[in-house]
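**Student:** Have a look at this one.
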Amino acid sequence: MVLLRRVLGDSLRAQRLTQQRTLREVSGAARVSLGYLSEVERGQKEASSELLASICDALGVRLSDVLRDVTDTLSVAEQLPEGVLEPVGPGGRVVGEVPTARVGTGHVVAAA
């Protein structure tokens, strides 16, 4: 099962890394603790809509664009057999040994 909080966190992290910004920079701009932002990015915490808006504002991205990315990833995941979607680990390494093709910004899906 794909968890919304994980896909959302992956998308936020991808946005931050694309901008080459640190957790500290974004957490300061979003006025959220560095530890909490890290947990949101890792999919360990459910972010409120207010917090998501603040993080997106700090990143200079529209919440609707982040949610669109998340929706696209979830849409693909829902069409796959259970267990096929594998998260990307630290440094972009794929967790597991599944042949892969990138979907969205934060997850990897087994290639057909």
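The values are calculated or read from the model by the stated rules, or taken from the named source; none is laboratory data. Quick caveat, the model's predicted, so the values are computed rather than measured. As a convention, Cβ positions derive from the backbone with ideal geometry for all residues, glycine included, and neighbour counts pool all protein chains shown.
**Student:** Could you say which residue among THR18, THR73 is among the hydroxyl-bearing types (Ser, Thr, Tyr) and touching a strand residue (DSSP E or B) at 6+ places or on another chain (Cβ under 9 Å)?
**Tutor:** Of the residues listed, the single one that is among the hydroxyl-bearing types (Ser, Thr, Tyr) and touching a strand residue (DSSP E or B) at 6+ places or on another chain (Cβ under 9 Å) is THR73.
**Student:** Still on this structure, please answer the following. For the range 51-96, name all the residues that are in a helix (DSSP H, G or I), more than 13 Å from the chain's Cα centre (by Cα) and either more than 21 Å from GLN20 (Cα to Cα) or modelled with pLDDT of 90 or more (or both).
**Tutor:** Passing the criteria: LEU51, ALA53, SER54, ASP57, ALA58, LEU59, SER64, SER75, VAL76, ALA77, GLU78.
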